[in-house]
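Can you keep this structure in mind? I'll have questions shortly.
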Amino acid sequence: MTQRAILIVSTLLLLFGCSKAEADLTELPELTIEVEISNTEIITLDGKELHVSFFENVFETLSNSYDLIVDIEVQPDAMTGVVIDVTHLIYKYKPSLAYQTSLKE
């Protein structure tokens, strides 16, 4: 009985792992976006100001159309809540996304 349970669990993990790997392979064009977070709820997305409450809609649209790379610049006086919101949304839509953070002096 134990061997049967292990076999079933292993098979399910293999199936879910393969389907996830297949979903990660996209044919979408690559796009790098730059996000700057400062001491307000207004973030800068590729040089354009955007209230953080609209970031999810914009990011979701972009992530559906492009294979995104995000460069996040967090200023030293940035609002912690905004940093958490932005990074959470990026992880939510693109958990495998490679992004860099840097502190601006």
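Taking the options Ser38, Ser53, Ser65, Ser96, name whichever one is among the polar types (S, T, N, Q) and either in contact with a helix residue (DSSP H, G or I) (Cβ under 8 Å, 6 or more places away or on another chain) or at pLDDT below 90 (or both). Reasoning before the result, please.
Working: Ser38 fails: either in contact with a helix residue (DSSP H, G or I) (Cβ under 8 Å, 6 or more places away or on another chain) or at pLDDT below 90 (or both); Ser53 fails: either in contact with a helix residue (DSSP H, G or I) (Cβ under 8 Å, 6 or more places away or on another chain) or at pLDDT below 90 (or both); Ser65 fails: either in contact with a helix residue (DSSP H, G or I) (Cβ under 8 Å, 6 or more places away or on another chain) or at pLDDT below 90 (or both).
Selected residue: Ser96, the only one of Ser38, Ser53, Ser65, Ser96 that is among the polar types (S, T, N, Q) and either in contact with a helix residue (DSSP H, G or I) (Cβ under 8 Å, 6 or more places away or on another chain) or at pLDDT below 90 (or both).
Then there is this: Taking the stretch 47-68, which residues are in contact with an Asp or Glu (Cβ under 7 Å, 6 or more places away or on another chain) and aliphatic (A, V, I, L, M)?
Val52, the sole residue that qualifies.
Here is a further query. Taking the stretch 63-74 as the search range and keeping residues that are open to solvent by less than 40 Å² (accessible area, probe 1.4 Å) and touching a strand residue (DSSP E or B) at 6+ places or on another chain (Cβ under 7 Å), which one is farthest from Glu27 (Cα to Cα)?
Once the filter is applied, the top-ranked residue is Val74.
The values are calculated or read from the model by the stated rules, or taken from the named source; none is laboratory data. It should be emphasised that the depicted structure is a prediction, and the values quoted were computed from it without experimental measurement. Quick reminder, even Gly has a Cβ in these numbers, built from the backbone with ideal geometry, and neighbours come from all protein chains shown. The area values use the complete protein model at the heavy-atom level, side chains included, leaving out ligands, DNA and RNA. Shrake-Rupley method; radii C 1.70, N 1.55, O 1.52, S 1.80 Å.
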